[in-house]
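To start, the structure under review is shown below, and the notes come after it.
The values are calculated or read from the model by the stated rules, or taken from the named source; none is laboratory data. Quick caveat, the model's predicted, so the values are computed rather than measured. As a convention, Cβ positions derive from the backbone with ideal geometry for all residues, glycine included, and neighbour counts pool all protein chains shown.
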Amino acid sequence: MEAHAHIPHLREVVVFLIAAGVIVPVLHWLRLSPVLGYLAVGAVIGPFGLGRLAEDWTWLGHVVITDLAGVQTLAELGIVFLLFMIGLELSIERLWSMRRLVFGLGSLQILASGLIIGLVAFGFGNAPATSIVLGACLALSSTAIVMQLLIESRRVGTPVGRSGFAILLMQDLAVVPILFLVSVLGARAGGSVGLALALTIGKVLFVVLAIYLVGRVVLRPLLRLVARTGSPEMFMAAILLAAIGTAAITSAAGLSMALGAFLAGLLLAETEYRHEIEIDIAPFKGLMLGLFFMSVGMGIDYRVIAAEPFWIVSSVAGLFVIKSLITAGLGLAFGLPRHTALELGLLLGQGGEFAFIVVGLAMNLGLVGGDVGQFMLIVAGLSMVATPFVARLAARLASAVEERTASRPVPSAQSQIEGIEGHIVLAGFGRVGRTLGDMLDAQTIPYLAIDRDPSTVHRAREAKKRVFYGDASRVEMLNRVHADTAAAIVVTLDSPNVIERVVHEAHRLFPDVPIYARARDTVQARRLMAAGATLAVPETVEASLQLAGRVLLGFGLPDESINRLIEHQRQLLEPTNPNHPPGFAVLR
């Protein structure tokens, strides 16, 4: 037992796991959002909740957290994983397809909100530098809370979800320039503007360039080497090393850990391993973000709220009003319907998690006073706590407005920003998959392929094929390649068991998408048809028929006679799809 006492933050970790594994599921069963559950649990067991009673009731010390600094240290990993996933989600193609919303709507939202909030802060007597910092950080919303709420309600693909993601994406990209701005303002406060500016710019450029160059040389070969072992544990270790290791490098250079994780995600985004990484890292991100939400709830000192209830509540309400009006107005200007713009504005009206990072840095640099900083952190925290309630209200208001105005759906240009549609998903890119891919390329038909063999994927990527490393039998991987919007799913894998698993899961999830599968023989073909395949091709039967055709051709039989014989034999040997009328052969 004594050895355990030396493990840092062990009690905090145990308390958090109890909350994540027991309390939050109970709250979820009561139809309470997990985000709100983490926030509420953090408020109750934190230093300003039951933690205040720990000195009088010693037994409480085992189930509450009084060391907020220790929890925040662990919670920072949540931000690291969040930025890593954001970087992983990005690609040049995706940014370009969403450029109007990301760089247009997102940029204007940040600039307009930052300007108005900064002017309000200046009007209350804050210095210009302080007002700039407060405006910049409070213009950002909470990516963690908003995206989690959209995921829980399965609304990421709706117009509100797509528009909100675009704005949040631009806000996440703006974090690094804002941190840089705070550093420059802090240097100016110290009186060494030119030197500090030069050092900051040089440090950022050097670190970013070094990480990029080393990552390009090292990361892909490393992951290829690890993938060849076939060990999920080693692959996960390599992912964590890339994310946390890069974050540690930027932290050692005096920059944000989040910046390093973001760069690591960007480096891996263009590799064939990105989808597998996204799936594997998701549980870590979820747990760490849960810890972050708990730390937000713990950080709210309700004694300060009781001391200044009017100003704090007014500030939270004012923040929502300013940002909601600006975001909704810009949404209307960009062609969103009224109900969508209204819900979008309210959904993004809160302060974000990066307010804690930016304000904390500004307080350390002397740009923001202690009282002002603590006040604004409480306002940002309370606005995040209120977001689940505001989101429900926003959805109801939007529904009411939609019914009254009978608004039209979002223009078709907006519905296409999700990415590829009408493509072919190839599950397996071996000999058969490659041949099919070449034929699709010849007809300029788009496709996305998945294969588990790193060597196969590497060769295909070198040939500029859109092939990704991953297990096609995993539901998450099928979702990553947008199988729901595909024109067809073609399963060309070697393993019979894996083929049947892919067909079963694909048909269960996407019953309207045609599924074409390679089968070993007629017995497996029948099983695949029963599992939901639209077409099952027994490779042994087809190979024997093709061989027979060549032999008959060599004996001098005319082509028409050979084709009739092969077609007749094919109908005798191969099963029919039970979903089709009798007489509809599997192969035509």
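Right, SER314: assigned by TED's automatic domain parsing to the domain that holds LEU173, buried (at least 20 other Cβ atoms within 10 Å of the Cβ) and of a type in the set (Ser, Thr, Tyr) or not?
no
For the stretch 514-533, name all the residues that are in contact with a helix residue (DSSP H, G or I) (Cβ under 7 Å, 6 or more places away or on another chain), among the charged types (D, E, K, R) and in a helix (DSSP H, G or I).
Result: ARG527, single match.
Is the stretch 237-255 home to any residue that is outside any helix (DSSP H, G or I) and either aromatic (Phe, Trp, Tyr) or surrounded by 15 or more Cβ atoms within 10 Å (Cβ to Cβ) (or both)?
Checking the stretch 237-255: at least one residue is outside any helix (DSSP H, G or I) and either aromatic (Phe, Trp, Tyr) or surrounded by 15 or more Cβ atoms within 10 Å (Cβ to Cβ) (or both).
Kindly check whether there is at least one residue in the stretch 267-277 that is part of a helix (DSSP H, G or I), in contact (Cβ under 8 Å) with a residue 40 or more places away in the chain, in the same structural domain as VAL184 (by TED's automatic domain parsing) and charged (D, E, K, R). Working first, answer last.
Taking the stretch 267-277 first, the residues part of a helix (DSSP H, G or I) are 267-269, 274-277.
Applying the additional criterion that residues be in contact (Cβ under 8 Å) with a residue 40 or more places away in the chain yields 267-269, 274-277.
When the remaining residues are screened for being in the same structural domain as VAL184 (by TED's automatic domain parsing), the result is 267-269, 274-277.
Right, trim to charged (D, E, K, R) and you get 274, 276.
Yes; the residues of the stretch 267-277 include at least one that is part of a helix (DSSP H, G or I), in contact (Cβ under 8 Å) with a residue 40 or more places away in the chain, in the same structural domain as VAL184 (by TED's automatic domain parsing) and charged (D, E, K, R).
Considering every residue within the stretch 92-105, establish whether at least one is surrounded by 18 or more Cβ atoms within 10 Å (Cβ to Cβ), out of contact with any His (no Cβ under 9 Å at 6 or more places or on another chain) and modelled with pLDDT of 85 or more.
yes
Hey, among ILE249, ILE244, ILE281, which residue is over 16 Å from the mean Cα position of the chain (by Cα) and in contact (Cβ under 8 Å) with a residue 60 or more places away in the chain?
Step by step, each of ILE249, ILE244, ILE281 is checked, and only ILE244 is over 16 Å from the mean Cα position of the chain (by Cα) and in contact (Cβ under 8 Å) with a residue 60 or more places away in the chain.
Does the stretch 506-513 include one or more residues that are among the aromatic types (Phe, Trp, Tyr), modelled with pLDDT of 85 or more and either surrounded by fewer than 18 Cβ atoms within 10 Å (Cβ to Cβ) or in contact with a helix residue (DSSP H, G or I) (Cβ under 6 Å, 6 or more places away or on another chain) (or both)?
Within the stretch 506-513, one or more residues are among the aromatic types (Phe, Trp, Tyr), modelled with pLDDT of 85 or more and either surrounded by fewer than 18 Cβ atoms within 10 Å (Cβ to Cβ) or in contact with a helix residue (DSSP H, G or I) (Cβ under 6 Å, 6 or more places away or on another chain) (or both).
If you take the residues of the stretch 528-543 that are at pLDDT 85 or above and surrounded by fewer than 20 Cβ atoms within 10 Å (Cβ to Cβ), which of them is nearest to the chain's Cα centre (by Cα)?
GLY532
Would you check if there is a residue in the stretch 483-491 being surrounded by fewer than 18 Cβ atoms within 10 Å (Cβ to Cβ) and closer than 22 Å to THR229 by Cβ?
There is no residue in the stretch 483-491 that is surrounded by fewer than 18 Cβ atoms within 10 Å (Cβ to Cβ) and closer than 22 Å to THR229 by Cβ.
Only one residue in TYR447, TYR469 is closer than 28 Å to LEU219 by Cα, modelled with pLDDT under 85 and aromatic (Phe, Trp, Tyr). Which one?
Matching residue, one of TYR447, TYR469: TYR469.
Within the stretch 460-480, work out how many residues are touching a helix residue (DSSP H, G or I) at 6+ places or on another chain (Cβ under 7 Å) and either surrounded by fewer than 17 Cβ atoms within 10 Å (Cβ to Cβ) or aliphatic (A, V, I, L, M) (or both).
The total comes to 6.
Just checking, how many residues over the stretch 45-54 are free of Cβ contacts under 8 Å to residues at least 40 places away in the same chain and not small (Gly, Ala, Ser)?
Counting residues in the stretch 45-54 that are free of Cβ contacts under 8 Å to residues at least 40 places away in the same chain and not small (Gly, Ala, Ser) gives 3.
State the number of residues belonging to the stretch 247-289 that are under 26 Å from SER455 (Cα atoms) and not acidic (Asp, Glu).
15
Answer yes or no as to whether LEU209 is in a helix (DSSP H, G or I) and either among the basic types (Lys, Arg) or closer than 21 Å to VAL358 by Cβ (or both).
So LEU209 fails the test.
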